[in-house]
Every structure is written in structure tokens, then in C-alpha cells.
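**Student:** Before I ask anything, let me first share the structure, which is written out below as C-alpha cells.
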Amino acid sequence: MGDPGTVDPACQRRGHPRTTDMREVLNALFYVDRTGCQWRALPHDFPPWSTVWSDFRAFRNDGTWKRMHTALREKTRVRMGREPPPSAASIDSQSVKPSQKGGLAGMTAARK
């Protein structure tokens, strides 16, 4: 038997059986990500927002998002002829350079 923390929400044995199509839940999650809409503002074409939010939260808490990201990244790297795990990473800590006098210093001069 597998680890209880890795159980798919559709396969849980307690509570009501799942009636919501997981593809529709994913479509709703992609919609929220693409549009930035609020959870409660999901169009009625999708499952209820509370269902979508609960599944998102379960995926976040049980590591599903990280596992999906890792699998997709590794598959893409293999397709490109590279080793699955990356050997190095680059993180840009500053995308937009601040002005010379930003923050409170810039505002103080304007007020005088």
C-alpha cells in the first residue's frame, strides 16, 4: 500500500465519492492562473470555487505541484538532449533597477 500522503483526491475512501471531473478542476486552476481572477469570481462554467480551492490547497500541501513541475522540467530537458536534473540554476534577484532616489527619499523632495 502507498503512502497516505500521496493519495489522489479522487481515490480517497472517506466522505462522498468524487463527482467533479478533475480535468474541469485543472481548467479552472489554469483560468485563475491566467486571468488572476479571485477564487469566488470563477465563472459558473467551472466547478464551484470552493471545490477548486480545496483541490488546489490539497495539491499544494501534498507536493503534487512540485512533482508535476519536476516531471515536466525533466521531460523537457530529456527532449532537448540534456540530463534530466539541471546541474546549475540562475536566479535574478532584481528585474527592475530602482531609481537613484526611490522610496521615502524621493517623496520627501517632492513635498518640500
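**Student:** Looking at the range 77-91, which of its residues are open to solvent by 70 Å² or more (accessible area, probe 1.4 Å) and either touching a residue at least 24 places away in the same chain (Cβ under 8 Å) or assigned to a helix (DSSP H, G or I) (or both)?
**Tutor:** Residues satisfying the conditions are Val78, Arg79.
**Student:** Exactly one of (1) of a type in the set (Lys, Arg); (2) out of contact with any helix residue (DSSP H, G or I) (no Cβ under 6 Å at 6 or more places or on another chain); (3) modelled with pLDDT of 95 or more is unmet by Arg40. Its number?
**Tutor:** Status for Arg40: all satisfied but (2).
**Student:** Of the conditions (1) in a helix (DSSP H, G or I); (2) open to solvent by less than 60 Å² (accessible area, probe 1.4 Å), Leu72 fails just one. Which one is it?
**Tutor:** In the conditions (1) in a helix (DSSP H, G or I); (2) open to solvent by less than 60 Å² (accessible area, probe 1.4 Å), Leu72 misses (2) alone.
**Student:** Identify, by number, the condition in (1) assigned to a helix (DSSP H, G or I); (2) open to solvent by less than 100 Å² (accessible area, probe 1.4 Å) that Cys37 doesn't meet.
**Tutor:** (1)
**Student:** To continue, here is another question. I need the full set of residues from the range 1-29 which are surrounded by fewer than 10 Cβ atoms within 10 Å (Cβ to Cβ), modelled with pLDDT of 80 or more and either part of a helix (DSSP H, G or I) or of a type in the set (A, V, I, L, M, F, W, C) (or both), in order please.
**Tutor:** Answer for the range 1-29, where residues must be surrounded by fewer than 10 Cβ atoms within 10 Å (Cβ to Cβ), modelled with pLDDT of 80 or more and either part of a helix (DSSP H, G or I) or of a type in the set (A, V, I, L, M, F, W, C) (or both): just Arg23.
The values are calculated or read from the model by the stated rules, or taken from the named source; none is laboratory data. Computed from a prediction, not measured in an experiment: that's the story for all the values here. With ideal geometry, Cβ positions are generated from the backbone for all residues, glycine too; neighbour counts draw on all protein chains shown. SASA here: full protein model, heavy atoms, side chains in, ligands and nucleic acids out. Shrake-Rupley method; radii C 1.70, N 1.55, O 1.52, S 1.80 Å.
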